[in-house]
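Participant: So that we are looking at the same thing, I have put the structure below in structure tokens.
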Amino acid sequence: MARIGIIQVKYASDTVADKCPLCNKLTELEIALYQGTFVIGFPLFPTSKKSEITCTTCKNSIPFRNAPNFAIDKHDTLVATKKPSIWIYTFSYFMVVMMIWVSISTTLDNGKFKKYIDDPKIGDIYETKTEKSGLFSKKDYYSYMKVDTIVGDRIGFKKCLYEATVGKRDEIKRKPEDEKWSEEIVYYTKEELKQYVASMSNLDQKFVIDDIER
Ligand SMILES: [Zn+2]
């Protein structure tokens, strides 16, 4: 399961030789700066920052009010000069940009599909995608259907006799027109066609309309 919550990422540290106010030994005090980071399996966004001074001998955290001045000065210098990296959030930024892009392009596509289905023209070519289960995996097969007749709310299509996987779609397009289309005409209502348009809500549908060319 993905880890969800705030983790502390150490982004800077330094040591000073000084007397620990807790164990009274002359030792090394470690000064560390942490950036709180909200993660859901991957870093999503930064939260608050935290500083800590610890004794490397007794391992205790030294309260700032008790810390030696030299350690406080070093801490202030670290805070002023070191900045936590923002690169760890790259994946999140990328995901956000992708989601915005997908939703914009889906909206634009849906506009086009709706327009073409509502106002069909003879010769419009619909690219269809059918998911088929093979022996070991599921595979998408692409084919085409061409608007042949329009009867009120129903659109009659001639279906292409060929289908191909994604990389071989062009081979279908290059087939001669007179041997590409079936003679039989299949009717769909405009409402049916709109339900077949590929969208985020019907990803699991076996048959979808992937594109319309005019
Ligand atoms: Zn100590």
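Only the coordinates and a few stated rules stand behind these numbers; no lab work does. All figures in this text were calculated on a predicted structure; none of them were measured in a lab. Here Cβ is always computed from backbone atoms with ideal geometry, including for glycine, and neighbour counts include all displayed protein chains.
Participant: According to a simple spin-label model (label point 7 Å from Cα along Cα-to-Cβ), what is the distance in nm between ARG3 and ILE104?
Facilitator: Label-label distance for ILE104 and ARG3, simple model: 3.5 nm.
Participant: Per the Kirkwood definition applied to all pairs of different Cα atoms, how many angstroms is the hydrodynamic radius of segment 1-62? If you can, show how the numbers build up before the last one.
Facilitator: On the way: mean 1/r = 0.0772 Å⁻¹.
12.9 Å is the Kirkwood radius here.
Participant: Taking amide H atoms as placed 1.01 Å from N in the peptide plane, list the residues 5 or more away in sequence, or in a different chain, whose amide H sits under 5 Å from that of TYR11.
Facilitator: LEU33, TYR34, GLN35
Participant: A follow-up question, please. Whole number please: convex hull volume per residue, Cα atoms of segment 54-117, in Å³. Write down the numbers at each step before the final one.
Facilitator: Values: hull volume 9.6 nm³, N = 64.
Convex hull volume per residue, Cα atoms: 150 Å³.
Participant: Related question: Pairs on different chains or at least eight residues apart, Cα atoms closer than 14 Å: how many lysine pairs in segment 1-89 fit?
Facilitator: For segment 1-89, qualifying lysine pairs total 11.
Participant: To the nearest 500 deg cm²/dmol, what mean residue ellipticity at 222 nm is calculated for the chain from DSSP H runs of n ≥ 4 alone, each contributing -39,500 (n - 2.57), summed and divided by the residues? Could the numbers behind the result be given before it?
Facilitator: Working: 4 runs with 55 residues, N = 214.
Calculated at 222 nm, the ellipticity per residue is -8500 deg cm²/dmol.
Participant: Sticking with this one: For all pairs of alpha-carbon atoms in the chain, what percent lies in each bin of width 5 Å, listed from the first bin to the last filled one?
Facilitator: Binned Cα distances yield the sequence 1, 6, 10, 11, 9, 9, 6, 5, 5, 5, 5, 5, 5, 5, 5, 4, 3, 1, 0, 0.
Participant: Which value, in Å to one decimal place, does the Kirkwood hydrodynamic radius take for segment 95-189 when every pair of different Cα atoms is included? Provide the component values of the computation, followed by the final result.
Facilitator: On the way: mean 1/r = 0.0652 Å⁻¹.
It is 15.3 Å.
Participant: So how far apart, in nm, are the two label points at GLU177 and LYS10 if each is 7 Å from Cα heading toward Cβ?
Facilitator: 7.3 nm
Participant: Of GLY5, CYS20, TYR93, whose Cα points farthest to the positive end of the dipole of the chain (charges on the beta-carbon: +1 Lys, Arg; -1 Asp, Glu; origin at the Cα centre)?
Facilitator: Of GLY5, CYS20, TYR93, it is CYS20.
Participant: When Lys and Arg each count +1 and Asp and Glu each count -1, what net charge do the other residues less than 10 Å away from GLN205, Cβ to Cβ, add up to? Numbers along the way, then the final one.
Facilitator: Working: positive: LYS129, LYS206; negative: GLU131, ASP204.
Counting the neighbours of GLN205, the net charge comes to 0.
Participant: Still on this structure, please answer the following. Any idea how far apart LYS121 and ASP204 come out in nm if each label point goes 7 Å out from Cα toward Cβ?
Facilitator: Taking the simple label geometry, LYS121 and ASP204 are separated by 3.8 nm.
Participant: Once you charge only the Cβ atoms, +1 for Lys and Arg and -1 for Asp and Glu, what is the size of the charge dipole of the chain about its Cα centre, to the nearest 20 debye?
Facilitator: 800 debye
Participant: Computed FRET efficiency, Cβ-Cβ of PHE45 and THR149, R0 41 Å: what is it to the nearest 0.05? Walk me through the numbers before you get to the answer.
Facilitator: Numbers: r = 55 Å, r/R0 = 1.35.
About 0.15, to the nearest 0.05.
Participant: Sort out for me the Cα centre separation of segment 150-199 from segment 14-77, rounded to whole Å.
Facilitator: Between the Cα centres of segment 150-199 and segment 14-77 lies a distance of 68 Å.
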